[in-house]
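Visitor: One structure, pasted below without further comment.
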Amino acid sequence: MAARRPTRWDDLVRPSLHGIAPYQPGPSLSELKERYGVDEIVKLNWNEGLFGPFPGALEAAAAEIENAWMYPEQAFSDLREAVCRWRDVPPEQVVPAHGIQSLVRTVADAFLGPGESVILPEPTYGLYAQVFAAAGASIEYVPCPELRLDLDEMATSAARVGARLVVVCDPNNPTGSLADQDEWDRFLDAVPEGCAVVVDEAYCEYVDPERRVRREDDVAGGRPVILLRTFSKIFGLAGLRLGYAIVSEPLASYLDVVQEPFNVNRAALAAGTASLQSPEVVEERRLEAAESRELLTTLLEAAEIEIQPSQANFVLARVGVDDVALADGLASRGFLIRAGSEFGMAGTVRITVAPLPLMEKAARELIAVRSSLFAGNAVG
Ligand SMILES: Cc1ncc(COP(=O)(O)O)c(C=O)c1O
C-alpha cells in the first residue's frame, strides 16, 4: 500500500481559523522566578482579585471535592438562586458558565455565522476579536476618543454594517473607563433592529454605586441586551473559572442549547454560592480596591505619570518610556505588570490594584525603573 502523505490539518479545520494566533498566556510563575532570579512574584498583570476569595468560599470548594466523582447538578440551581437573591433577577435569566471567556464563545456560537459583522471598541479586551474572528465574523473597530467608549459611533457603525452583535466592555479593559447612564440609554435606543448588545461587566462590582448603570432592568424590559459577569475579579476566584450571563428567558434556552452541559465544576459552584452568602463583602472589597487605586494613582501622578481615570481594579498609566523594558525591569524586581504594547498601546502599562502596602512598593519600584530608563541605564 502506498504511504499516505501526512494529514494537512490546514485543509481540514474551518478556514476562518487560518492566521488566528492562539491566546498566549505567557510564562508560568515558576519560569518567571527562574528567569528573573526572584523568590516572590506579585501579579499585577492580569487583573485578578488580589484581595482574595470571600469568607467561606475556599472551605465550601474543599468540602465539595469529595463529590468530585459526580457530575455537577445541571440546573446549577443553588448558584442561580444565590445570584438571583443578590441581583434581584429571576433564576430563569441566569445562565452559569465557566467564566466570561466561555460565555463569549457561547454567544458567538448562538449568533454568528461566517461573514457576519461585529462591532468592537478599540482598545478593549482582546479575547472578543479572537473568538469572533475564529467564528468567521468580520470585525469593525470603533476607536475610543480620549480612551472612553464612543457608544454613539458604535451604534452608528452597527447600523451602517448591519452588525449582528456589538460588544460593550464596561468598565472597559484596558482603560478602566465607564459609560454613564445617558450615553447608555442613547446607545440602546440607537442600536439597530437585528443587532444584540453584549455587555461584559467583568469589573462592574468595582464601580461607585451611584455611577452604576443597572442593566438588569434592560434585560427585564425586553431590550436586546446580554450581560456577562464573572467570579474571577472582585470575588477572587479566577482559578476556579466561574461566571454567568443575565439574559431574557428565551435567549437563556438558546444559550443552553449551544453551551456544553455540565460546564461548571462542583468546586466552583460551591465557592460561588458560598461567596454570595456574604454580599456585604462586595462593598468592603470595592472600597479597599478603590483606596488602593487612589494611592497608586497619587504616587504615580506625583512622579508625573499620567493615569487614566478608572472604575475597575486596575489603572492604565502613560509612562513615556519603552513599556516592554519597563515591565521587564519591574519583573526583575518581582512585580509583573502588563506592557501596553501587548494590546497595541505602546508607552502605557496596565497595573492591577492590590492591598495598600503592595501598591506603595510597586509604585516605588516602577518609578525607579522608569527613571533608570530615562537615564538610559541598563535595567534589570
Ligand atoms: C473584560 C474582561 N472580561 C472577561 C475576562 C475574563 O473573565 P473570566 O475569568 O470570567 O473568563 C477578563 C479578564 O481579564 C476581562 O478583563
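The values are calculated or read from the model by the stated rules, or taken from the named source; none is laboratory data. Small disclaimer: the values here were computed from a predicted structure and weren't measured. Reconstructed Cβ throughout: ideal geometry from the backbone, glycine too, with neighbour counts over all protein chains shown.
Visitor: For segment 21-30, check the following and say yes or no: at least one residue is assigned by TED's automatic domain parsing to the domain that holds Ile351, more than 23 Å from the chain's Cα centre (by Cα) and either assigned to a helix (DSSP H, G or I) or away from the ligand (no atom under 16 Å from the Cβ) (or both).
Guide: Scanning segment 21-30, I find at least one residue that is assigned by TED's automatic domain parsing to the domain that holds Ile351, more than 23 Å from the chain's Cα centre (by Cα) and either assigned to a helix (DSSP H, G or I) or away from the ligand (no atom under 16 Å from the Cβ) (or both), so the answer is yes.
Visitor: Of the conditions (1) among the small types (Gly, Ala, Ser); (2) within 16 Å of the ligand (Cβ to nearest atom); (3) buried (at least 23 other Cβ atoms within 10 Å of the Cβ), Ala270 satisfies every one except a single condition; which number is it?
Guide: Single failed check for Ala270: (2).
Visitor: Of Pro96, Pro114, Pro72, which residue is touching a residue at least 60 places away in the same chain (Cβ under 8 Å) and within 16 Å of the ligand (Cβ to nearest atom)?
Guide: Pro96
Visitor: Give me a count of the residues in segment 238-254 that are more than 15 Å from the ligand (Cβ to nearest atom) and either under 26 Å from Leu356 (Cα atoms) or in a helix (DSSP H, G or I) (or both).
Guide: Counting residues in segment 238-254 that are more than 15 Å from the ligand (Cβ to nearest atom) and either under 26 Å from Leu356 (Cα atoms) or in a helix (DSSP H, G or I) (or both) gives 6.
Visitor: Could you tell me which of the residues Leu336, Leu316, Leu276 is crowded, with 18+ Cβ neighbours inside 10 Å, under 23 Å from the mean Cα position of the chain (by Cα) and under 27 Å from Glu81 (Cβ atoms)?
Guide: So the residue among Leu336, Leu316, Leu276 that is crowded, with 18+ Cβ neighbours inside 10 Å, under 23 Å from the mean Cα position of the chain (by Cα) and under 27 Å from Glu81 (Cβ atoms) is Leu276.
Visitor: Is it true that some residue in segment 48-64 is in a helix (DSSP H, G or I), within 26 Å of the chain's Cα centre (by Cα) and within 30 Å of Ala137 (Cα to Cα)?
Guide: no
Visitor: On the given criteria, is Glu260 in a loop (DSSP other than H, G, I, E, B) and either touching a Leu at 6+ places or on another chain (Cβ under 7 Å) or surrounded by fewer than 22 Cβ atoms within 10 Å (Cβ to Cβ) (or both)?
Guide: yes
Visitor: Just one of the numbered conditions (1) touching a residue at least 24 places away in the same chain (Cβ under 8 Å); (2) more than 22 Å from Val353 (Cα to Cα) is not true of Leu12; which one?
Guide: Condition not satisfied by Leu12: (1).
Visitor: If I go through segment 210-257 residue by residue, how many of them are within 18 Å of the chain's Cα centre (by Cα) and without any contact (Cβ under 8 Å) to a residue 12 or more places away in the chain?
Guide: The total comes to 2.
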